[in-house]
Amino acid sequence: MRLPPDLRAFARRRFQHQHRDWLGRLTLGADHEWAYPLKPPTEHAFAADPDAVARWVATWTREETRMPAGAAVEWGIRRWSSMGHQRIPLRVRGAGSDGIADLAGHGPLWRRAVDRAVMLRQRWPDATELGRGLTATARALGAIDDTEFGQLVAVLTFLRERPASGLWARELPVPGIDSKWMERHRRLVQELLAGITGSADTGLRRAATRFRVRLLDPALSLRGLTDFTAPVAELTGLPLRPSVVLVAENLTTVHSLPRIRGGIAVHGQGRAVTLLAGLPWLSDARLLYWGDLDSHGFAILGAFRAAVPRVESLLMDPGTLAEFRGLCVREPTPFRSPISHLTATEHAALRDVREGDLRLEQERVGWEHARARLLDAGLSFLE
């Protein structure tokens, strides 16, 4: 016999799996029909514990008065030889997405998203691909406040009318908009813009990602310059011939690395590390990646190796995790998706990390241990 908490759990699952699709449709889920069987008792169960069944029926009698619009408890008559006629609840039926959203506890968020989807369709009635943008941004559309939504519409209007403005985000002539607003809402803007115009290109200028570089061998210095920051376009033309390039996830590690013969250290900038793949002076160098021992560190490693298959990992193994496990913290937002392009050893370390949602930041690995592993990897230190 199912109870109201079971119904709400069902509604949460249904809403989670389908609300994006509903928002992308012209009907907005109004045509969605659903039913949730309540698994009523058999005659044998009724006879075994009539009080429990009576309480269950009373629960649904009360719950019936609390059903959201579009949802209702459906009752039926059971004719049992030993009990006579019994009126019991059979299922809850509903029509429309609103009822599911209310039962799931997301009613206000859902209705805001629906209202805004209607507004966007009315503003751009000829945008045949807008449904895709609404599907991709369903959660965000319901979460932003009215001021931000007004700014969003103003930004989309401007970008549609001036698709190649070449402005910086701070220069957009929309009250309240600055670079941080665009950083917070860039995906929302791009997904909806693609639905309206067919392209996610905002036409805005963006500062190129800059990478911190340390030339760990003075012999590689550029007229005495050994520590600098530059975008990929400028790094590409540098006359460098390293024998080994070590990409580190965290800047502190780049600062702390010892001098290495023929070595260059680069701050990987998280997922931006893949931008390094085309650097010509990487092509003949041994390439190492040292990241945090957490799910995101391995996700970055997998993406980097997909771009440059010969990347070797450093200090991202079960032994290092075990050695410094006492310095691990809990990873607040683990990366749950599958990660490809990892070796068997790396997969084993990832499995250990995910078992406890652990994070061992690379700065927590002691330098005595790290130097020994660098030597084991065949690197040569300069005194």
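Out of the residues in region 222-277 that are in a strand (DSSP E or B) and of a type in the set (V, I, T), state the one that is farthest from G366 (Cα to Cα). Walk me through it before giving the result.
Narrowing region 222-277 to residues in a strand (DSSP E or B): 222, 225, 227-231, 244-248, 260, 263-267.
Adding the requirement that they be of a type in the set (V, I, T) leaves 229, 244-245, 247, 260, 264, 266.
Values: T229: 27, V244: 22, V245: 21, V247: 18, I260: 18, I264: 21, V266: 20 Å.
Per the stated criteria, the residue is T229.
Pull out all pairs, ordered by first then second residue, where Cβ-Cβ is under 7 Å, the residues are six or more apart or on different chains, the first lies in region 278-296 and is under 16 Å from H267 (Cβ atoms), and the second is of a type in the set (S, T, N, Q) and crowded, with 20+ Cβ neighbours inside 10 Å. Within 7 Å, the pairs are Y289/S313; W290/T253; W290/Q362; G291/Q362; D292/Q362.
Regarding F228, is this residue surrounded by 15 or more Cβ atoms within 10 Å (Cβ to Cβ), among the aromatic types (F, W, Y) and in contact (Cβ under 8 Å) with a residue 40 or more places away in the chain? Taking the combined requirement at face value, the residue does not satisfy it. Look at region 160-178: where a residue is part of a loop (DSSP other than H, G, I, E, B) and surrounded by 14 or more Cβ atoms within 10 Å (Cβ to Cβ) and a partner is of a type in the set (V, I, T) and modelled with pLDDT of 90 or more, sitting 6+ places away or on another chain with Cβ atoms under 8 Å, you get L172/V155; V174/V155; I177/V155.
If the condition is being closer than 16 Å to R78 by Cβ and either free of Cβ contacts under 8 Å to residues at least 40 places away in the same chain or surrounded by fewer than 18 Cβ atoms within 10 Å (Cβ to Cβ) (or both), then region 1-51 contributes M1, P37, K39, T42, E43, H44, A45, A47, A48, D49, P50. Scanning region 312-340 for residues that are touching a residue at least 40 places away in the same chain (Cβ under 8 Å) and either touching a Lys or Arg at 6+ places or on another chain (Cβ under 9 Å) or more than 15 Å from H369 (Cα to Cα) (or both) yields E312, L314, L315, T320, F324, P334, F335, R336, I339.
Yes or no: region 289-305 includes at least one residue that is at negative phi, modelled with pLDDT under 95, of a type in the set (D, E) and outside any strand (DSSP E or B). Scanning region 289-305, I find no residue that is at negative phi, modelled with pLDDT under 95, of a type in the set (D, E) and outside any strand (DSSP E or B), so the answer is no.
Does I177 satisfy the criteria of being over 21 Å from the mean Cα position of the chain (by Cα), at pLDDT 90 or above and not aromatic (F, W, Y)?
Against the criterion (over 21 Å from the mean Cα position of the chain (by Cα), at pLDDT 90 or above and not aromatic (F, W, Y)), I177 does not qualify.
Hey, can you tell me all the residues within region 59-114 that are assigned to a loop (DSSP other than H, G, I, E, B) and basic (K, R)? Answer for region 59-114, where residues must be assigned to a loop (DSSP other than H, G, I, E, B) and basic (K, R): just R66.
Could you run through region 190-219 and say how many residues are aliphatic (A, V, I, L, M), at pLDDT below 95 and closer than 20 Å to D178 by Cβ? Adding up the residues that qualify gives 3. Residue count for region 338-369, restricted to those that are touching an Asp or Glu at 6+ places or on another chain (Cβ under 7 Å) and hydrophobic (A, V, I, L, M, F, W, C): 4. Of everything in region 25-58, what is in a helix (DSSP H, G or I) and either modelled with pLDDT of 95 or more or hydrophobic (A, V, I, L, M, F, W, C) (or both)? Give them in sequence order. Selection gives A45, F46, A47, A48, A52, V53, A54, W56, V57, A58.
The values are calculated or read from the model by the stated rules, or taken from the named source; none is laboratory data. Everything numeric here is computed off the predicted structure, so don't read it as measured data. Ideal geometry is used to build each Cβ from the backbone, glycine not excepted, and the neighbour counts take in all protein chains shown.
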